[in-house]
Amino acid sequence: MTVTAYTLAAVLDLFILFIGARFLFRPGPAAAGYGVPADPTGDAAAYLAIKGVRDAALGVLGLALLAFAGATAGAWFMLCAALVPLGDTVIVLRHGGTRAVAFGIHFATAVVVLVSAGLLFAV
């Protein structure tokens, strides 16, 4: 179970790092994939970059905690980090995104992150 817990957590951390990079380097498609399209050349450009930095930093922090602080710290991080996709679910729903994206991407991600936290707590 240790290998599964660490692998799932590392994959999730790498995935959020990738999403952050995507918002920094390909903001238009990233915003559309998020569920609330935004013009990367208009007023939303700064907010898309902010989201990119936030996500990339969370991915790096999660990896650092796993590598240097262990499973318990990683579990607490994952538990807290689950708030981000839960909040994203609400944002997508409140700003005209589809329920499929809100629940199929963001809420499902929160569930997987919570499962990861549970696995890390069990290690």
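Residue under question is ALA21, and the condition is that it be open to solvent by 40 Å² or more (accessible area, probe 1.4 Å) and among the small types (Gly, Ala, Ser); does it hold? For ALA21, the condition - open to solvent by 40 Å² or more (accessible area, probe 1.4 Å) and among the small types (Gly, Ala, Ser) - is not met. Take ASP88 and decide whether it is modelled with pLDDT under 95 and among the acidic types (Asp, Glu). The answer is no for ASP88.
Of all residues in region 20-38, none are within 24 Å of THR7 (Cα to Cα) and among the β-branched types (Val, Ile, Thr). Against the test of being in contact with a Ser or Thr (Cβ under 6 Å, 6 or more places away or on another chain) and touching a residue at least 12 places away in the same chain (Cβ under 8 Å), the options LEU61, LEU8, LEU24 yield a single qualifying residue, LEU8. All conditions but one from (1) open to solvent by less than 60 Å² (accessible area, probe 1.4 Å); (2) closer than 15 Å to ALA5 by Cα; (3) among the aliphatic types (A, V, I, L, M); (4) more than 14 Å from the chain's Cα centre (by Cα) apply to ALA69; the one that does not is (1). For region 37-66, how many residues meet the condition of being open to solvent by 40 Å² or more (accessible area, probe 1.4 Å) and in a loop (DSSP other than H, G, I, E, B)? Counting residues in region 37-66 that are open to solvent by 40 Å² or more (accessible area, probe 1.4 Å) and in a loop (DSSP other than H, G, I, E, B) gives 5. For region 23-44, the set of residues classified as closer than 23 Å to ARG99 by Cβ and either in contact with a His (Cβ under 6 Å, 6 or more places away or on another chain) or of a type in the set (D, E, K, R) (or both) consists of VAL36 only.
Scanning region 72-123 for residues that are assigned to a helix (DSSP H, G or I) and either hydrophobic (A, V, I, L, M, F, W, C) or open to solvent by 60 Å² or more (accessible area, probe 1.4 Å) (or both) yields a count of 36. Just one of (1) under 27 Å from TYR6 (Cβ atoms); (2) touching a Gly at 6+ places or on another chain (Cβ under 8 Å) fails for VAL92. It is (1).
The values are calculated or read from the model by the stated rules, or taken from the named source; none is laboratory data. This one's a predicted model, so the numbers in the text were calculated from it and none came from an experiment. In this analysis, Cβ positions are derived from the backbone assuming ideal geometry, glycine residues included, and neighbour counts consider all displayed protein chains. Note: areas computed on protein heavy atoms with side chains; ligands, DNA, RNA excluded. Shrake-Rupley method; radii C 1.70, N 1.55, O 1.52, S 1.80 Å.
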